[in-house]
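The values are calculated or read from the model by the stated rules, or taken from the named source; none is laboratory data. What you see is a predicted model, and the numbers here were worked out from it, not measured in a lab. So basically every Cβ, Gly included, is an ideal-geometry build from the backbone, and we count neighbours across all protein chains shown. In case anyone asks, the SASA skips ligands and DNA or RNA and just uses the protein heavy atoms, side chains included. Shrake-Rupley method; radii C 1.70, N 1.55, O 1.52, S 1.80 Å.
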2 protein chains.
Amino acid sequence: MLSFSEENYLKAIYHIEQLQTEGASTNTVAKKMQTKASSVTDMLQKLADKRLVVYKKYQGALLSAKGKKIAASVIRKHRLWETFLVNKLNFSWDEVHDIAEQLEHIKSEKLIDSLDAFLEFPRVDPHGDPIPDKDGNMTKQKKVMLSTLKENQQSKLVTIKDSSDNFLRYLDKKQIAIGNTIKVIAIEPFDKSIQVQIEGREFMITEEVAENLLVEIPSLTLPKVKRTN
Amino acid sequence: MLSFSEENYLKAIYHIEQLQTEGASTNTVAKKMQTKASSVTDMLQKLADKRLVVYKKYQGALLSAKGKKIAASVIRKHRLWETFLVNKLNFSWDEVHDIAEQLEHIKSEKLIDSLDAFLEFPRVDPHGDPIPDKDGNMTKQKKVMLSTLKENQQSKLVTIKDSSDNFLRYLDKKQIAIGNTIKVIAIEPFDKSIQVQIEGREFMITEEVAENLLVEIPSLTLPKVKRTN
DNA sequence: TAAAAAATTTAGTCTTGTCTAAAAATATTT
DNA sequence: AAATATTTTTAGACAAGACTAAATTTTTTA
């Protein structure tokens, strides 16, 4: 039986591996866990003893198959609980993270599978992130930052990168939601701000916002546009 | 913010106070918490420092108003989660205790109040125990052991004392449920076993079982019975 | 009411997970 | 490649919460 802390480290390493394919360095983990490098070293050693990560001094850690499975199950629980809070208890998506951080450590397979069924087997959570199945598999969606799209390309918003309360509230205010179709109308070369059309409404977003909106990879062919010259 | 352990101690003391009106002795708490007396002493000292209990060396502890409120809120959470598990996720009543022991420590007032509303403000949990309201008040039902009833008396099963899996499964097997009307048909003087009629079915239960079934205090007057001599 | 028994507390130790400061290894720069 | 900077590890300490063994207080018994 793992402690909350061990589970949190595994989850952090999992997320880091997703971002960069390589192993997670001590410092990267420390930043993610908001702790000190020396504490991370201790924990990596312990997780290595338990065969949950492969750890080599001065070279960071990689999840073992066992570690990956546990990390995925923690993420599964986190995302199912978030879905519960939003869909059943009417929480808004910026309120659920901290509570799910606690709920993800509740130990009961039966509980989480019952919850899954109760929610009718959702495949993504309220933020658009995929929910791993019982075996830890999840449909790893291909996605790109909205800021990489060219003018006239459009795609569907699948996830957000930053999930701070501030950003989530910004999205609510602008009525931007997971699943919305977003079209890039024009890109201002000076500051890279983007004129977008979202569900019919047209307005401007900054480059920073565009870098935190992840959309489906759009079809490679641009829609043909009549040239006027 | 209290630790899980501190919350568990407060809850244990609360339950002990309910049973015996006096303060909780070190040993009683140790037994309830399945720990050693010396550990209890340490914790009582700590809780006293935080003004959650009134503690005098060698004389046990009593909950302060603040301590009582926290204990009641933990019990509220426990019982609401049990209700959720049984009513929404279709757990049986013997499966919910251990999971609720974990869930009761989740910190979020909004969560628990939303859950309360989602469950439509239940007043008792699946074991028949009253659920404290937001302010920690609960309708303290008056109840007695079934074994204290006389022949021909009848009453309604409101709670059980022992809530071990074994006992709960026994009750399921015998189809005894909270709310059932139970009538004492006859008491065997030799072993104090009791012939009962429960929801129309008549059978025998041991004294031990009768001591763990708590029923409403029956009306004081016995139903009149025709004398045959 | 003195002696024995039981309950409680104290003292010292252990584990988990954290920290700071210093040492060691790796990476970067000149 | 040597010097410097950065990263990582080690060593030692601390707090929480538990434990054992010994000491102390309270309660019971004779």
Show which aspartates and glutamates lie in cross-link reach of A:Lys69 when reach means a straight Cα distance below 15 angstrom and same-chain residues fewer than eight apart are skipped. A:Glu6, A:Glu7, A:Glu17, A:Glu104, A:Glu109, A:Asp133, A:Asp135
0 to 90° range, to nearest 10: angle between helix A:109-118 axis and chain A longest Cα axis: 20 degrees
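If you take the C-alpha gyration tensor of segment A:143-216, multiply each eigenvalue by 5 and take the square root, what semi-axes do you get, largest first, in whole Å?
Details: eigenvalues 57, 34, 29 Å².
Semi-axes from the Cα gyration tensor: 17, 13, 12 Å.
In segment A:4-63, carbon and sulfur make up what percent of the accessible area (probe 1.4 Å)? Before the final figure, lay out the partial values.
Values: 1770 of 3610 Å².
With neighbouring chains kept in place, the figure for segment A:4-63 is 49 percent.
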Which log10 I(q)/I(0) values does segment B:1-79 give at q = 0.14, 0.20, 0.21 Å⁻¹ under the Debye formula, counting every alpha carbon as one identical point scatterer? -0.36, -0.78, -0.86
Take the alpha carbon gyration tensor of segment A:42-187, find the square roots of its eigenvalues, order them as a ≥ b ≥ c, and report rounded if a/c is under 1.5; if not, report prolate when a/b exceeds b/c, else oblate. oblate
Shielding by other protein chains, A:95-101, mean Cβ within 10 Å: 2
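Which whole number gives the average count of other chain Cβ atoms within 10 Å of the Cβ atoms across peptide B:119-128? Kindly include the intermediate steps, with their values, before the conclusion.
Details: counts 0, 0, 0, 0, 0, 0, 0, 0, 0, 0.
What the average comes to for B:119-128 is 0.
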Accessible area that becomes buried as A packs against B, both chains, 1.4 Å probe, Å², nearest 100: 1600 Å²
If one takes the longest principal axis of the Cα atoms in chain A, at what angle in degrees, from 0 to 90 and to the nearest 10, does the Cα axis of helix A:4-20 lie? 40 degrees
Based only on Cα atoms, what Rg/Rh ratio does the protein assembly as shown have, Rh being taken as Kirkwood's radius? 1.10
With the 8 Å Cα cutoff and a minimum separation of six or more residues, chain B has a relative contact order in percent of 15 percent
Roughly how many whole Å is it from the C-alpha centroid of segment A:36-102 to that of segment B:176-198? 52 Å
Residue-normalised accessible area of segment B:109-229, given per residue in Å² at a 1.4 Å probe: 63 Å²
Return one number: the angle in degrees, 0 to 90 and rounded to the nearest 10, between the long axis of the Cα atoms of helix A:65-87 and the longest principal axis of the Cα atoms of chain A. 60 degrees
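Please give the per residue accessible area of segment B:4-63, computed with a probe of 1.4 Å over protein heavy atoms only, in Å².
Details: 3610 Å² over 60 residues.
Value returned for segment B:4-63: 60 Å² of accessible area per residue.
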